[in-house]
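The values are calculated or read from the model by the stated rules, or taken from the named source; none is laboratory data. Predicted model, so just to flag it, every value in this text is computed and none were measured. With ideal geometry, Cβ positions are generated from the backbone for all residues, glycine too; neighbour counts draw on all protein chains shown. Ligands, DNA and RNA are stripped out before the accessible areas are found, and what is left, the full protein with its side chains, is counted by its heavy atoms. Shrake-Rupley method; radii C 1.70, N 1.55, O 1.52, S 1.80 Å.
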Amino acid sequence: QVQLVESGGGLVQAGGSLRLSCAASGRTFSSYAVAWFRQAPGKERDLVATINWSGGTTYYADSVKGRFTINRDNAKNTVYLQMNSLKPEDTAVYYCAADRTSAYLLPHNYNYWGQGTQVTVSS
């Protein structure tokens, strides 16, 4: 069983930066793949980035590639999402999700979810 708690969201101007954290409970978190998803009002939950258990393999949605970076510190049971050059279209609730099997691209494959953190980018 893994419990996830996101933090680090907030209000930022376009061009600014935020770093989101996904803190996990559970001794085996280091063996889990983790993903960040985001959901804007009235829209589906979209994949932002994934990272495998070791941090050696990452994946980014085209919309964030070159601006966002996902990494993890398994000693701290935490995965991070560094978001730079933020745009108003990045405004959404950001969720982290974990799975013991693989870094899936679709949300329905993930068994564990955090409660989400709001990111608002003003123009």
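Remarks
- Normalising by residue count, the chain has a Cα convex hull of 89 Å³ per residue.
- Remark: region 107-123, residue by residue, has Karplus-estimated 3J(HN,Hα) of x, 5, 7, 9, 8, 10, 9, x, 8, x, 9, 7, 10, 10, 10, 8, 8 Hz, where x stands for each Gly or Pro and the curve is 6.51 cos²θ - 1.76 cosθ + 1.60 at θ = phi - 60°.
- Using a Gaussian network model of the chain in which every pair of alpha carbons under 10 angstrom is joined by a spring, one finds that among N109, N71, N52 the greatest mean-square fluctuation is at N109.
- For region 44-58, 3J(HN,Hα) per residue [Karplus equation, 6.51 cos²θ - 1.76 cosθ + 1.60, θ = phi - 60°, Hz, x = Gly/Pro]: 6, 7, 10, 6, 9, 7, 10, 8, 7, 4, 8, x, x, 10, 10
- Once all protein chains are placed together, K43 keeps about 130 Å² accessible to a 1.4 angstrom probe.
- Lys/Arg +1, Asp/Glu -1 at C-beta; region 27-114 dipole; positive extreme among T28, V48, M83: T28
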